[in-house]
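Working notes, structure below.
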Amino acid sequence: MVKVLGLDIGGANLKLTVMECIGGTISYVEVFTEYFPIWRRGRENLPMAIGNLVEKSGLKNPDLAAVTMTAELSDVYFSKTEGVHHIIESTSLALRN
């Protein structure tokens, strides 16, 4: 069985999907969502918010993790590049804890 964690880091919402795959077939899916307006709650709180969502999912050590994002376009970042780097760092930190 392969356990996959998918994250969508948006400017207003965080979404997490847990999937279990057996022999190339998806056998289980669960979705978690948290309202997280990054411009209000602050980018410094992103790692903790992602970590809380991962904790809710119960999947601490996925075999694979994938991230999509639109939050890098938020005004809390000076550039898209800065946003992408911060979101990847925040996600990595959340998955390590």
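Sub-8 Å Cβ pairs linking a first residue in the range 46-74 that is more than 15 Å from Met19 (Cα to Cα) and in contact (Cβ under 8 Å) with a residue 60 or more places away in the chain to a second residue that is of a type outside the set (Lys, Arg) and part of a loop (DSSP other than H, G, I, E, B), at least 6 apart or interchain, are Met69/Gly10; Thr70/Gly10; Thr70/Gly11; Ala71/Gly10; Ala71/Gly11; Leu73/Gly11; Ser74/Gly11, ordered by first then second residue. Of all the residues that make up the range 48-92, how many are more than 21 Å from Val29 (Cα to Cα), of a type in the set (S, T, N, Q) and surrounded by 12 or more Cβ atoms within 10 Å (Cβ to Cβ)? Residues that pass the stated criteria total 4.
Within the range 1-19, one or more residues are exposed (fewer than 13 other Cβ atoms within 10 Å of the Cβ) and not basic (Lys, Arg).
Among residues that are buried (at least 19 other Cβ atoms within 10 Å of the Cβ) and part of a strand (DSSP E or B), Leu95 is not included.
Out of curiosity, is Tyr35 of a type in the set (Ser, Thr, Tyr), farther than 15 Å from Thr91 by Cα and modelled with pLDDT under 95? Answer is no for this residue.
Taken residue by residue, the range 62-72 has at least one member that is in a loop (DSSP other than H, G, I, E, B), modelled with pLDDT of 95 or more and out of contact with any His (no Cβ under 6 Å at 6 or more places or on another chain). Taken together, the residues in the range 1-49 that are within 21 Å of Ala71 (Cβ to Cβ) and of a type in the set (Asp, Glu) amount to 3.
The values are calculated or read from the model by the stated rules, or taken from the named source; none is laboratory data. Note that the coordinates shown come from a computational prediction; the quantities given were computed from them, not determined experimentally. Neighbour counts run over all protein chains shown; Cβ positions are idealised from the backbone, glycine included.
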